[in-house]
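Remarks on the structure that follows.
The values are calculated or read from the model by the stated rules, or taken from the named source; none is laboratory data. What you are looking at is a predicted structure, and each value in this text was computed from that prediction instead of being measured. Note: ideal-geometry Cβ built from the backbone for every residue, glycine included; neighbour counts use all protein chains shown.
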Amino acid sequence: MAKPSDPSDWDEQKSRIVGLGERSFRKSYYPQLRENLDRLERFRTLLDRTSDCVVLISLPEGTVSDANAALGQLLGRSSVTLVGEPFVALGLGDAAEIVEALSVESRQERDSGAVPSHSDVTEFRRDGQSVWLELTYRLATLEGRSYGVIVGRDITERKRAHEMVASLLAEKEALLDNALVGIAMVRQRVFVSCNRRLEEMLGLASGGLAGRSTRILYTSDEAYRESGEDAYASLDAGQSYSFTELMARADGSTFWGELAGRCIDPVRPELGSIWIISDVTERKQAEARAEYLSYHDALTGLPNQALLKDRMQQAMAFAHSNGTKLALMIIDLDRFKTINDFLGHAAGDRLLVDLARRISEHVRNTDTLSRQGGDEFHLLLSNLAEPDAIVTFLGELMDDLQQPFRIDGQELTTSVSVGVAIYPEDGADFETLLKKADMAMFRAKDAGRNTYRFFNEEMNEDAVEQITIHAGLWRALEAEQFVLHYQPQIEIASGRLIGAEALLRWCHPDLGLVSPGRFIPVAEETGLIVQIGDWVLREACREAVRWREAGKGSLVVAVNLSAIQFKRGDIEKSVARALEETGLDPHRLELELTESILIRDSENVLSAVKRLKQMGVKLSIDDFGTGYSSLAYLKRFEVDKLKIDQTFVRDLVPNSEDAAIVRAIIQMARSLGLKTIAEGVESQHVLDLLGLIECDEVQGYHCGRPMAAAAFREFLDNR
Ligand code: C2E
Ligand code: MG
Ligand code: MG
């Protein structure tokens, strides 16, 4: 075919050919020529309207023989101009290989019948952008010459779409595989697909789960069946379902899994469901630990009070219906504070742990040992048929606890004080029993530690009284419930009354006359003793002034002082005011101090006592012989008199040890120039004996009981 110089030439050439034909061919050929030309034109149109690029190259040169409009459009040129150009020069990616392949083929298979078609995807760069072409090419022979027919289809859009789908899929997959949860699609209780995480969770190789039954998740057939029934009842009803279950791994180990599932389409459950499975073992363990800690003591691992109370309530219910008894014990380590102070808290903690272990060895597993913090353990002994068993138990326990503990290479010996309350005798509820065991434990401490006490009603009465005293003491002063009783003091040699000791009494509206032994400790504890002591001083001085009216102007009144009055009060001012207000001669006031007052904080007490002495008041040491009995301070404090304690005096018999002590005290007092008075003289023969060993004065029931002020005045009148 002649090379057209321009497509627009086509029409011109056509009419030229047709005209030529009209003129030069025989009339009979003309219609056929015309027909062929029309066919050629239709074919040309078909080619040029095809969106694929079509190009014919002549082989082996590889030059373009013809090309359609689409190729021209792709290259941005008129297709006519391409004719005669080497195909490889057009810039279509793998053009050289295609030409080469076609050339080889044209040489080899010129005679063979079947002509294979090939395809290749190649890149074409246009304006800096990639256009992807799928080139299909095959060999063609025309009039004995070889051609290559190459059809190129622009697949850029398709390729992009492909790439996008691929990257979306990769993203999804990465998302699924890197999720911290296992994700699976399940149909008919069989895994259809899942992410990598789920396989890892189950200890399976990649791809090891798809196609398997969900039974693999469960530790037993029963668990598989039960959770299946529950789950599919919900899923089939179009609801989501979640549960936590102990799950099995391929190697037989287990973990806590939390599963949540929902149907892909609630209306068509047969499509399957999506499950999200998380390993919640750590959370479960943390929950279990928190649960454990809320019922246990962190140091020893023993149950705490909450758990003890719980067990106690169950045990009480059981004991109630079986007619058995329970014992609730409070076991308190003696002097734990000292151990802590000397060895440090870490050693103290280790001791508590060892102690807990040692006590545990004595209890049955139906009993509950618990720690309440500090050094206090509570022990519930349940189901006691024979209460005597407690005594045996305690004996063995306390023996064992006295064996030394080894803490940090040191031997430590300790002991415990135990209080016991019994159900149902001592109370029907935990709080009451605990309170009573506590009272009993304090009794054990009072009794010198390293012992046990069972609760008894007397303890309760004492405790109630203690509370009543505590509450009432605050109002006793202003309610004028205090009175002083007076007990005579006699000079042995002359039989003369020389004075009286003022002894405080509390007329309690409910308890009656309360002796100082019961309320003074409370008054000291609360500090109320300062105000009360003030009142005692004033009242005693006022009364002593009245004795002058009875003609006994030389009698001395002795007043007891408490250590607290020195520590917290201003004792000098208090004494000075009492003397001033009543007008009593200071020589007629005697202050009774105990040895403990002088020992403690002695510099301050010494200066206070010195000034009191300067005022002219007398000083005696009460309960002498029971305390430190140091000669040194007797001199320093310029004491006037020693009151020999009644424990030596009361049962005094000749040649006894007590007699020796009393004689020694008297001799020592004499050598220091001090007077002596024996208190607690209850009989004539004691009085006689005291006279023999040269005691100066006596006080006691034998010479006169403490009496109310009026009674004492009457006593004075009658002498
Ligand atoms: P105390 O100062 O040693 O008083 C002597 C105690 O012995 C008094 O007990 C008295 O009643 C008792 N007594 C006297 N003669 C005999 C006797 O022959 N046989 C026996 N068995 N006992 C005898 P009371 O009055 O119960 O006082 C007890 C303690 O209370 C006093 O011991 C004293 O330490 C303290 N006290 C009393 N009144 C006061 C006070 O006003 N202030 C302070 N701070 N303490 C006081
Ligand atoms: Mg006294
Ligand atoms: Mg005394």
* Can you confirm whether region 101-116 contains a residue that is crowded, with 17+ Cβ neighbours inside 10 Å and within 28 Å of H162 (Cα to Cα)? => no
* Check off (1) away from ligand 2 (no atom under 16 Å from the Cβ); (2) over 21 Å from I529 (Cβ atoms); (3) modelled with pLDDT of 95 or more for V556 and give me the number that stays unchecked. => (1)
* Structure fact -> Flagged pairs (Cβ under 6 angstrom, 6 or more apart or on separate chains; first in region 677-702, farther than 14 Å from Q667 by Cα; second among the hydroxyl-bearing types (S, T, Y)) are E682/Y701; H702/S683
* Structure fact -> Scanning region 465-499 residue by residue, the ones that are touching an Asp or Glu at 6+ places or on another chain (Cβ under 8 Å) and part of a loop (DSSP other than H, G, I, E, B) total 2
* Asked: Across region 464-504, what is the total count of residues that are surrounded by fewer than 18 Cβ atoms within 10 Å (Cβ to Cβ), among the aliphatic types (A, V, I, L, M) and under 53 Å from the mean Cα position of the chain (by Cα)?
  -> 5
* Asked: Has region 505-520 got at least one residue that is more than 18 Å from R588 (Cα to Cα), away from ligand 1 (no atom under 13 Å from the Cβ) and surrounded by 15 or more Cβ atoms within 10 Å (Cβ to Cβ)?
  -> yes
* **Residue in region 533-546 that is farthest from A578 (Cα to Cα), counting only those that are surrounded by 22 or more Cβ atoms within 10 Å (Cβ to Cβ) and either within 9 Å of ligand 1 (Cβ to nearest atom) or in contact (Cβ under 8 Å) with a residue 60 or more places away in the chain (or both)** => G533
* Scan region 592-610 and give yes if some residue there is in contact with a Phe, Trp or Tyr (Cβ under 7 Å, 6 or more places away or on another chain), within 12 Å of ligand 1 (Cβ to nearest atom), more than 15 Å from C695 (Cα to Cα) and β-branched (V, I, T), otherwise no. => yes
* Asked: Within the bounds of region 422-442, is there any residue that is among the basic types (K, R) and closer than 20 Å to D334 by Cβ?
  -> no
* Leading residue by the ranking (farthest from M185 (Cα to Cα)) among those in region 256-272 that are of a type in the set (D, E, K, R) and either touching a residue at least 60 places away in the same chain (Cβ under 8 Å) or not in a strand (DSSP E or B) (or both) -> R268
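Okay, residues lined up against (1) loosely packed, with under 13 Cβ neighbours inside 10 Å; (2) farther than 27 Å from S227 by Cα:
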{"position": "I274", "(1), (2)": "no, no"}
{"position": "I277", "(1), (2)": "no, no"}
{"position": "T281", "(1), (2)": "no, no"}
{"position": "L293", "(1), (2)": "yes, yes"}
{"position": "L326", "(1), (2)": "no, yes"}
* Just need a number here: residues in region 444-456 that are crowded, with 20+ Cβ neighbours inside 10 Å and of a type outside the set (F, W, Y). => 2
* Answer with yes or no whether A659 is more than 13 Å from ligand 1 (Cβ to nearest atom), buried (at least 17 other Cβ atoms within 10 Å of the Cβ), in the same structural domain as V556 (by TED's automatic domain parsing) and over 28 Å from V557 (Cβ atoms). => yes
* Structure fact -> Across region 557-578, the tally of residues that are surrounded by fewer than 20 Cβ atoms within 10 Å (Cβ to Cβ), away from ligand 1 (no atom under 13 Å from the Cβ) and of a type in the set (A, V, I, L, M) stands at 1
* Asked: Only one residue in G517, G472 is at pLDDT below 95 and more than 16 Å from ligand 2 (Cβ to nearest atom). Which one?
  -> G472
* Structure fact -> Pairing a residue in region 326-344 that is in the same structural domain as P424 (by TED's automatic domain parsing) and under 20 Å from I359 (Cα atoms) with any residue that is surrounded by fewer than 18 Cβ atoms within 10 Å (Cβ to Cβ) and basic (K, R), where Cβ atoms lie under 6 Å and the two sit 6 or more apart in sequence or on different chains, gives D334/R449
* To do: Return the only residue of G373, G344 being within 28 Å of the chain's Cα centre (by Cα) and within 20 Å of L302 (Cα to Cα).
  => G373
* Consider only pairs whose beta carbons are under 7 Å apart and that are at least six residues apart or on different chains; among these, list those whose first residue lies in region 427-454 and is closer than 8 Å to S417 by Cβ and whose second residue is buried (at least 17 other Cβ atoms within 10 Å of the Cβ) and of a type in the set (D, E). => M441/D332; R449/D334; N450/D334
* Specify the residue that is nearest to S607 (Cα to Cα); the eligible residues are those in region 618-638 that are within 11 Å of ligand 1 (Cβ to nearest atom) and of a type in the set (D, E, K, R). => D622
